[in-house]
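The structure under discussion appears below in the form of C-alpha cells.
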Amino acid sequence: MSIDLRAGSPPARVPFYNDPKVRSIAYQVALCAVIGFLVWGAASNAIDNLRKANIASGFGFWEQTAGFDISQSMISYTNQSTYGRAFWVGLLNTLLVAAIGIVFATIIGFIVGIARLSKNWLVNKAASGYVEIIRNIPLLLQLLFWYNAVLKALPDLRDSVKIPGGAFLNNRGLFMPEPVAQSGFQFVLIALAAGIIGSIVYYRWAKKRQDKTGQQAPVFLVSLGLIVGVPLAVFFAAGLPLTFSYPEAGRFNMSGGIEVLPEFAALLFGLSIYTAAFIAEVVRAGIRAVSHGQTEASYSLGLRSPPTLRLIVVPQAMRVIIPPLTSQYLNLTKNSTLAVAIGYPDLVQIFTGTVLNQTGQAVEVVAITMAVYLTISLTTSLFMNIYNSRIALVER
Amino acid sequence: MARDKRDAEEHCACPLRGILATHKSGAFTTHEWGCPMKKIASIIALAVVFGATSASAQTLKTVKDRGILNCGSNGSLAGFGLPDAQGKWAGLDVDFCRAVAAAVFGDDKKVKFVPLSAKDRFTALQSGEVDVLARNTTWTSSRDSQLGLNFVGVNYYDGQGFMVRTALKVKSALELGDASVCVQQGTTTELNLADYFRANKMKLKTVTFATSNEALKAYDTGRCDAYTTDASGLYSERLRVANAAEHIVLPEIISKEPLGPAVRHGDDQWFDVAKWTLNAMINAEELGITSANVAEMAKSDNPDIKRLLGTEGNFGEQLGLPKDWAFNIIKLVGNYGESFDRNVGSGSPLKIDRGLNKLWSKGGLQYAPPVR
Ligand SMILES: N[C@@H](CCC(=O)N[C@@H](CS)C(=O)NCC(=O)O)C(=O)O
C-alpha cells in the first residue's frame with residue numbers, strides 16, 4: 001500500500017541526520033563515549049586519590065616476592081615466589097575444588113532426585129529428608145560442621161587410622177600412596193588411548209548399523225574390554241611397571257604420598273552435599289515435566305522401565321534440567337569462596353585475603369578477582385549453553 | 001588547607017571545564033566539589049571500594065561534627081581490644097581511642113569501636129570507615145609507604161613467639177622443623193613465620209586462617225603442632241585454649257613487632273592529634289600524673305606539668321584541641337602506666353611484665369617528646 005502512495009512523487013530525500021539508521025548508530029557511539037569517559041574519569045580519579053593518600057597503585061606488585069606460605073598448591077610455590085604466582089595457586093585451588101565438587105554434586109544430585117520419585121516409601125522419604133535438611137541449613141554452618149566435627153573426630157598422627165593399601169587418616173588429612181610410573185608404563189597409556197578411540201569408533205559403527213538394520217550390538221561390553229581390558233593386559237605384559245611411594249610418619253607430619261588436606265575435604269563435602277540437594281530438586285522437576293503419556297507410550301511399545309527412563313524420559317527431561325543445573329554449577333563455584341572460613345587456600349583466601357592485605361592494593365586485587373569469577377561463570381555458562389542447544393528440541 | 005586547595009586545582013584535570021562554561025574555579029568551596037565530573041567519578045570510584053579519600057584531609061573537623069570517634073579495634077584480643085558481656089570495651093588499644101575522644105570531646109565515651117580482623121583493618125582505615133586504627137598493628141616500612149598509613153608511635157613493643165602443646169616435648173622453636181603451624185592471615189606474623197623457617201632451613205606446613213579465633217581453634221583441635229602470633233597475643237590466647245596448662249610458650253622471639261595506632265596518610269593535623277595523645281599519656285607517667293592525682297597536679301608549679309595540663313601556654317589550641325585536652329585524657333583514661341597495668345600488666349589476668357615497655361628512665365623504651 002505505502003509503496004503505491006509514494007509511486008507518483010519522486011522519493012523524498014531524507015537528510016542523513018534524520019536517517020534512523022545513522023541516528024541509532026550515532027546514539028550508540030555517543031553512549032559508548034559517555035560510558036568510556038565515565039570509566040576513564042573514575043579510574044584516573046581513583047589513581048589520583050590513591051596517590052594523594054600515599055597508597056600504592058598499579059600492577060607492579062604482581063612481580064614482587066610474596067613472602068608467605070600456602071598449604072596446598074598444584075604448581076610449585078614457595079614463600080620466595082611472587083604475588084602473581086600466589087594468584088595462580090589460588091585460582092587453581094578454586095578450580096580444583098569447583099571441578100571435583102561439580103562432579104560429586106551432579107552424581108549425588110541425580111541419585112537423590114531420582115530417588116525422590118521412587119515408589120519405595122523408605123527411599124522416597126530418605127531422599128526428601130536429605131533435600132529438606134540440607135537445603136535449609138546455611139552452607140557456612142555446614143562447612144564449619146564438616147571441618148570442626150570431622151577434624152575433632154580424627155585421631156592424632158600417632159594414632160592414625162591405617163587404611164588397607166597403605167593409606168593413613170589423621171587430623172592432618174588423608175595420606176595415600178602415590179603411584180610412580182616406571183619405564184614401560186607409557187605403553188599402558190598408549191593402550192588406554194587406543195582403547196578409548198576404538199570404543200568411540202565402535203559405538204558410531206554400532207549406532208549406524210542399528211539405525212539401518214535395527215540390530216543391537218553389545219556396545220557396553222566391547223567398550224569395557226577396549227578401555228579396561230586391553231590396557232590391563234598391556235600392564236601385565238610390560239611386567240607391572242608401576243610402584244608406589246608410601247606416606248611415612250615423621251616427628252610432626254606424614255611425608256610422601258598424596259595428601260588430601262582436611263580443609264579441602266571439608267570444603268568439597270560441604271559444597272557437593274549442599275549443591276546436590278538443589279540439583280536433586282532440579283532433576284525431580286525435570287523428570288516431572290515430561291508428560292506421563294510419554295512413559296505410557298513407551299510401555300505400550302514394549303519398552304521396559306529402565307530403557308524408558310534412559311531413552312524416553314531423561315533425554316526430554318534434560319532440556320528442562322540443563323538451564324537451572326548451570327546456575328547450580330555457578331553457585332557451587334561462587335560458594336567455594338566460603339573456603340576462607342575454614343582455611344582452604346582458594347583464590348579469595350589467598351588473593352583478596354593475604355595479597356590484598358600485604359600489598360594494600362584493594363582496587364586492583366578486587367577488580368582482578370571479580371574479573372576472574374566473571375570469566376569462570378561466563379565460560380561455564382557458555383559450555384552449558386552449547387550443550388543445551390545441542391540437546392534442545394529440534395523443530396522439524 | 002590553602003595549599004591543599006591549590007593542589008586540588010592543579011590536579012583537577014576536569015575534562016568538561018571547557019564545555020561547562022558556567023564553571024569557574026573557586027566557585028565551590030572544597031576541591032571535592034571543584035569539578036562536577038570529578039564528583040561523579042568519585043562516587044563511581046567509591047563503588048569500587050573507595051576513592052573519596054580526598055575528603056579525609058579534615059578528619060578532626062569530621063570527627064567533631066559527627067560528635068563521635070570511629071575507632072578500628074581488635075574485637076577478640078583480651079588486653080588489647082575486647083568488649084565484655086555488657087558491651088563495654090577494654091584494652092590497651094581501646095584506651096588509646098578513649099584517650100583521643102577525651103582529648104577531642106572531653107568525654108572518653110564518645111567512641112564507636114569497630115572490631116576488625118587483621119586482613120580487613122587497613123581497608124577500613126583507608127576507606128574512612130574508621131578515623132583511627134588501634135589494633136595491635138605492627139609498624140613496618142611498607143605499611144607506611146604502600147598502604148597509606150601513618151603510625152602515631154608505639155604503644156607496645158612486642159615480638160613474635162610460638163605456643164606448643166607440652167606433650168610434644170619441644171623446648172625450642174628450632175625443633176619445629178616439618179611442623180604444622182596455625183597462623184592468622186594478613187599479618188606480619190605469617191611473613192615472619194615463613195622467614196624464620198627458611199632462614200633456619202626447616203620445613204614448614206602453614207595453615208592460614210582469616211581470624212585468630214579460627215586459627216586458635218584449629219590449633220586446639222590438633223590440626224597444628226604450633227600456634228604463632230605476637231608474644232602479647234600468646235599470653236592472651238593461651239588463656240582461651242581448652243586447658244592452658246597443657247600448652248607452653250617457647251622462649252624464642254623471632255621478630256620485632258612495634259605495635260602502634262595508625263591514621264590515614266595526608267592529614268597532618270589529625271596525625272598530630274593522635275600522636276600527641278599517645279605522647280601525653282607517656283609524659284604523664286613520667287611526670288607522675290595519674291588519674292587519681294591529676295586535679296592536684298594541676299596546681300603544681302612544675303613548668304612541664306603546667307604545659308601538659310594546660311595551665312600554662314596554649315599547646316592544646318595549637319593542636320586544634322581544647323586547653324585541657326591532656327588533663328581530660330589523664331583524668332578519664334589515665335597515664336600510660338596505669339593503662340598498661342590495668343589491661344595487660346600486673347592488674348590484669350595476663351600479668352605481662354613491663355619489660356621493653358618500661359619508661360626510658362626505668363630501663364625501657366617508652367619515651368615521649370616534650371610538650372612545649
Ligand atoms: N602485629 C601483627 C599481628 C596482629 C594480629 O592480628 N594479631 C592477632 C593475634 S595476637 C590478633 O590480633 N587476632 C585477633 C583477631 O583477629 O580477632 C600485625 O600487625 O600484623
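The values are calculated or read from the model by the stated rules, or taken from the named source; none is laboratory data. Given the structure is predicted, the values throughout are model-derived calculations rather than measurements. Don't worry about glycine lacking a Cβ; one is built from the backbone with ideal geometry, like all the others, and counts go over all protein chains shown. Side chains included, ligands, DNA and RNA excluded: accessible areas come from the protein's heavy atoms. Shrake-Rupley method; radii C 1.70, N 1.55, O 1.52, S 1.80 Å.
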Label point distance in nm, A:K208-A:L224, each placed 7 Å from Cα along Cα→Cβ: 2.7
Within segment B:274-337, trypsin sites (Lys or Arg not before Pro) in DSSP loop having at most 13 other beta-carbon neighbours inside 10 Å: B:K299
Distance (nanometres) between label positions extended 7 Å along Cα→Cβ at A:V29 and A:F383: 4.1
Of A:F269, A:F61, A:F37, the one that fluctuates the most in a GNM where chain A has Cα springs shorter than 10 Å: A:F37
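Roughly how many percent of the accessible protein surface of segment B:77-159 is carbon and sulfur, given a 1.4 Å probe and a whole-percent answer?
Values: 1290 of 2580 Å².
C and S fraction of accessible area: 50 percent.
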Between segment B:144-173 and segment B:59-117, the alpha-carbon center distance in angstrom: 23
Links that overshoot a 22 Å alpha carbon limit, given the list B:K61/B:K306; B:K61/B:K109; B:K112/B:K358: B:K61/B:K306; B:K112/B:K358
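Can you give the FRET efficiency for A:S305 and B:K88, using 1/(1 + (r/R0)^6), R0 = 56 Å, r = Cβ-Cβ distance, to the nearest 0.05?
Efficiency at R0 = 56 Å is approximately 0.25.
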Amide hydrogen neighbours beyond the local backbone of B:D158, cut-off 5 Å, H modeled: B:E257, B:L259
From phi via Karplus (6.51, -1.76, 1.60), per-residue ³J(HN,Hα) for segment B:244-252 in Hz, x at Gly/Pro: 4, 5, 8, 10, 10, 9, 6, x, 5
Carbon + sulfur, % of accessible area of segment B:160-255 - ligands and nucleic acids excluded, 1.4 Å: 55
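If I take R0 = 22 Å and measure r between the Cβ atoms of A:R319 and A:L232 in this structure, what FRET efficiency does the formula 1/(1 + (r/R0)^6) give, to the nearest 0.05?
After rounding, the FRET efficiency stands at 0.05.
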Qualifying aspartates and glutamates (Cα of each under 13 Å from Cα of B:K88; at least 8 residues distant if same chain): B:D108
Cα gyration tensor shape of segment A:211-270, rounded if a/c is under 1.5, else prolate or oblate by comparing a/b with b/c: oblate
Residues in segment B:148-175 reached by a label modelled at B:N243 [backbone nitrogen below 12 Å; 7 Å Cα→Cβ]: B:166-167
For segment A:242-352: rounded, prolate or oblate by the Cα gyration tensor [a/c cutoff 1.5]: oblate
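Per the helix-only calculation at 222 nm, which mean residue ellipticity applies to the protein assembly as shown, given -39500 (n - 2.57) for every DSSP H run of n ≥ 4 and division by its residues, nearest 500 deg cm²/dmol?
Working: 28 runs with 371 residues, N = 768.
One gets -15500 deg cm²/dmol as the mean residue ellipticity at 222 nm.
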Spin-label proximity, A:Q294 to segment A:372-387 - amide N less than 20 Å from point 7 Å beyond Cα toward beta carbon: A:385-387
Buried accessible area, chains A and B (both chains, 1.4 Å probe, Å² to nearest 100): 4600
Amide H contacts under 5 Å for B:T137, placed H, 5+ residues apart: B:G260
Distance between modelled label sites at A:L189 and A:T78, nm, 7 Å Cα→Cβ extension: 2.7
Mean projection area, nm², convex hull over Cα of the protein assembly as shown: 50.5
Relative contact order, percent, segment B:209-320 [alpha-carbon distance under 8 Å, six or more residues apart]: 14
Per-residue ³J(HN,Hα) for segment B:329-345, Karplus 6.51 cos²θ - 1.76 cosθ + 1.60, θ = phi - 60°, Hz, x for Gly and Pro: 4, 5, 4, 8, 10, x, 7, 4, x, 4, 5, 4, 4, 5, 9, 10, x
Among A:Q186, A:Q80, A:Q349: highest mean-square fluctuation, GNM of chain A, C-alpha pairs under 10 Å: A:Q186
Other-chain or far-sequence residues with amide H under 5 Å of A:S245's (modelled H): A:E178, A:V180
In segment A:154-209, the trypsin sites (Lys or Arg not before Pro) that fall in loop regions by DSSP, at most 16 other Cβ within 10 Å: A:R158
Rounded, prolate or oblate (a/c below 1.5 giving rounded, otherwise prolate when a/b exceeds b/c) for segment B:160-255 by Cα gyration tensor: rounded
Pairwise centroid distance, computed over Cα atoms, of segment B:175-234 with segment A:335-396, Å: 28
Between segment B:244-265 and segment B:324-372, the Cα center-to-center distance that results, in Å: 18
Heavy-atom surface of the protein assembly as shown, accessible at 1.4 Å and reported per residue (Å²): 49
Paramagnetic label zone (point 7 Å from Cα along Cα-to-C-beta, B:L365; backbone N under 18 Å) in segment B:262-277: B:262
Max mean-square fluctuation residue, GNM over chain A, Cα-Cα springs under 10 Å, options A:K152, A:K212, A:K334: A:K212
Karplus 3J(HN,Hα) series, Hz, for segment A:317-324 with 6.51 cos²θ - 1.76 cosθ + 1.60 (x for Gly, Pro): 5, 4, 4, 7, 6, 4, x, x
